[in-house]
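Novice: The structure under discussion is supplied below as structure tokens; questions concerning it will follow.
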Amino acid sequence: MELSEDSYFSTRVNLEDEKDQVLRDVTYFGVADGVGSWRQYGVDPRLFSHKLMKECENILLEAC
């Protein structure tokens, strides 16, 4: 994940089941494919994909 244009996240959370209120261990993940051709428009695909995945993970953790 360090040098690649692509990025990902994987995180585990405990969620209550709606039926029996038992905590369930759930794993979420996301993948972003950095688009190298964006460089011609002044967008660093590495920074974009890494920031996107970090924000997705933050939103998920806040919602849980």
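The values are calculated or read from the model by the stated rules, or taken from the named source; none is laboratory data. Worth saying up front: this structure is predicted, and the values here are computed from it rather than measured. Positions of Cβ are generated from backbone atoms using ideal geometry, with glycine treated the same way; all protein chains shown enter the neighbour counts. Areas reflect the complete protein model, heavy atoms only, side chains present, ligands, DNA and RNA absent. Shrake-Rupley method; radii C 1.70, N 1.55, O 1.52, S 1.80 Å.
Novice: Would you check which residues across the stretch 1-15 are among the hydrophobic types (A, V, I, L, M, F, W, C) and at pLDDT 90 or above and list them? Please lay out each step first, then the result.
Specialist: Pass one, the stretch 1-15, residues among the hydrophobic types (A, V, I, L, M, F, W, C): 1, 3, 9, 13, 15.
Result: PHE9, single match.
Novice: Can you name the residue in the stretch 39-53 that is within 15 Å of the chain's Cα centre (by Cα) and among the aliphatic types (A, V, I, L, M) and is also least open to solvent (accessible area, probe 1.4 Å) among such residues?
Specialist: Among them, the one singled out is MET53.
Novice: So, GLU5, is that one acidic (Asp, Glu) and either in contact with a Cys (Cβ under 7 Å, 6 or more places away or on another chain) or open to solvent by 100 Å² or more (accessible area, probe 1.4 Å) (or both) or not?
Specialist: On the way: acidic (Asp, Glu): yes; either in contact with a Cys (Cβ under 7 Å, 6 or more places away or on another chain) or open to solvent by 100 Å² or more (accessible area, probe 1.4 Å) (or both): no.
Considered against the rule, which asks whether it is acidic (Asp, Glu) and either in contact with a Cys (Cβ under 7 Å, 6 or more places away or on another chain) or open to solvent by 100 Å² or more (accessible area, probe 1.4 Å) (or both), GLU5 comes out as no.
Novice: OK, next. Given (1) hydrophobic (A, V, I, L, M, F, W, C); (2) in contact with a helix residue (DSSP H, G or I) (Cβ under 8 Å, 6 or more places away or on another chain); (3) open to solvent by less than 80 Å² (accessible area, probe 1.4 Å), identify the lone condition not met by CYS56.
Specialist: With (1) hydrophobic (A, V, I, L, M, F, W, C); (2) in contact with a helix residue (DSSP H, G or I) (Cβ under 8 Å, 6 or more places away or on another chain); (3) open to solvent by less than 80 Å² (accessible area, probe 1.4 Å) applied to CYS56, the lone miss is (2).
Novice: Examine the stretch 20-38 for a residue that is among the polar types (S, T, N, Q), modelled with pLDDT under 85 and open to solvent by 90 Å² or more (accessible area, probe 1.4 Å), and state whether such a residue exists. Working first, answer last.
Specialist: We begin by selecting, within the stretch 20-38, every residue among the polar types (S, T, N, Q); these are 21, 27, 37.
This time we only want the ones that are modelled with pLDDT under 85, so: 21.
Retained after the next criterion (residues that are open to solvent by 90 Å² or more (accessible area, probe 1.4 Å)): 21.
Within the stretch 20-38, one or more residues are among the polar types (S, T, N, Q), modelled with pLDDT under 85 and open to solvent by 90 Å² or more (accessible area, probe 1.4 Å).
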